[in-house]
1. Out of curiosity, is D58 out of contact with any strand residue (DSSP E or B) (no Cβ under 8 Å at 6 or more places or on another chain), under 22 Å from G10 (Cα atoms) and either assigned by TED's automatic domain parsing to the domain that holds T28 or surrounded by fewer than 16 Cβ atoms within 10 Å (Cβ to Cβ) (or both)?
2. Only one residue in V135, V102, V120, V127 is within 16 Å of the chain's Cα centre (by Cα) and closer than 25 Å to I149 by Cβ, so which one is that?
3. Does the stretch 70-82 contain any residue that is closer than 16 Å to F171 by Cβ and not in a strand (DSSP E or B)?
4. Determine the pairs where a residue that is more than 23 Å from F3 (Cβ to Cβ), located within the stretch 83-95, has a partner that is surrounded by 14 or more Cβ atoms within 10 Å (Cβ to Cβ) and of a type in the set (V, I, T) with Cβ atoms under 6 Å apart, the partner being 6 or more residues away or on another chain.
5. In the stretch 107-164, which residue that is among the acidic types (D, E) and surrounded by 14 or more Cβ atoms within 10 Å (Cβ to Cβ) is nearest to E178 (Cα to Cα)?
6. Output the residue which, of all residues in the stretch 25-42 that are within 19 Å of R2 (Cβ to Cβ) and touching a residue at least 24 places away in the same chain (Cβ under 8 Å), is surrounded by the fewest Cβ atoms within 10 Å (Cβ to Cβ).
Amino acid sequence: MRFSKYHGAGNDFVMIADVEGNLGPAGTLPPDLVAALCDRHKGIGADGVIRVVGRYMDYYNSDGSVAEMCGNGIRCLVLHEQHAGRISEGAEVVISTLAGDVVVKPAGSGRFTVDMGRPVYSEAKTVDGRSGTAVSMGNPHFVLFVDEIGKALDDATVLGLGPALEVHPDFPLKTNVEFVKITGATSIEMRVWERGCGETLACGSGICAAVVASSARERTGPHVAVTMPGGSLEVEIDDGGHVWLTGPAERVFEGELAAAWFTARNLGVLEAAR
């Protein structure tokens with residue numbers, strides 16, 4: 001099976017071109033296949049798998065669960081399709097996702113701007129005594145400002161709180177958890193514990209959720225530079241309430257998985273994937 005590896009600000013993906021949908025309907029890739037592909041020791045290694053089906057992004061977390069949307073992944077998908085000649089460089093395109101149709105525009109120098117839409121909701125929420133902001137960008141987020149919960153932006157906070165909050169009963173679909181440090185009116189630092197992945201170097205929808213929360217609390221303005229371990233991205237909330245995410249995408253390498261790799265794992269998709 002042919003594949004490509006891409007990343008957006010360190011958030012990395014295995015990209016599979018299945019334009020005709022030979023591997024079945026969206027959302028039906030076997031979880032054990034996805035997990036095996038994302039295995040960083042015995043597979044390709046990634047935070048998630050993106051299957052390109054026409055102009056549809058079929059996205060999976062590294063544990064095999066289906067996710068509604070990925071702000072970093074969709075930029076990588078557009079770059080992938082440009083390399084494949086199915087999207088013209090410089091063109092504005094619309095990509096379909098479980099969260100709806102998403103507009104992606106070129107921003108120059110290997111960067112793209114994504115219309116992440118309007119937040120579905122943003123509301124104050126207290127979970128296990130910790131006050132934060134629940135935000136939906138088509139997928140669920142819980143934003144915590146570290147100074148407000150008496151914590152630092154460090155491993156003890158992210159790795160100590162993230163796993164439990166992800167699966168807390170208050171979030172029936174689980175949640176992504178953002179840990180935010182305000183560094184100015186137009187800048188924040190952030191780390192994220194992603195639903196179905198663990199900590200990642202960047203999370204596009206999570207960055208947007210963090211800015212929605214910080215702007216609503218008047219801790220920042222509507223245009224913010226967000227620094228994460230994997231790099232820096234920009235978020236702007238326009239007058240109509242749409243959230244725009246700008247950041248890079250990069251092709252890393254292409255390859256082909258050996259037939260024996262599938263056979264050894266009893267993964268029965270090899271013939272359809274060829």
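1. no
2. So the residue among V135, V102, V120, V127 that is within 16 Å of the chain's Cα centre (by Cα) and closer than 25 Å to I149 by Cβ is V135.
3. Within the stretch 70-82, none of the residues are closer than 16 Å to F171 by Cβ and not in a strand (DSSP E or B).
4. So the pair list comes out as V94/V103.
5. By that ranking, first place goes to E148.
6. Going through the qualifying residues, I end up with P30.
The values are calculated or read from the model by the stated rules, or taken from the named source; none is laboratory data. Here the structure is a predicted model, which is why all the values come from computation and not from measurement. So basically every Cβ, Gly included, is an ideal-geometry build from the backbone, and we count neighbours across all protein chains shown.
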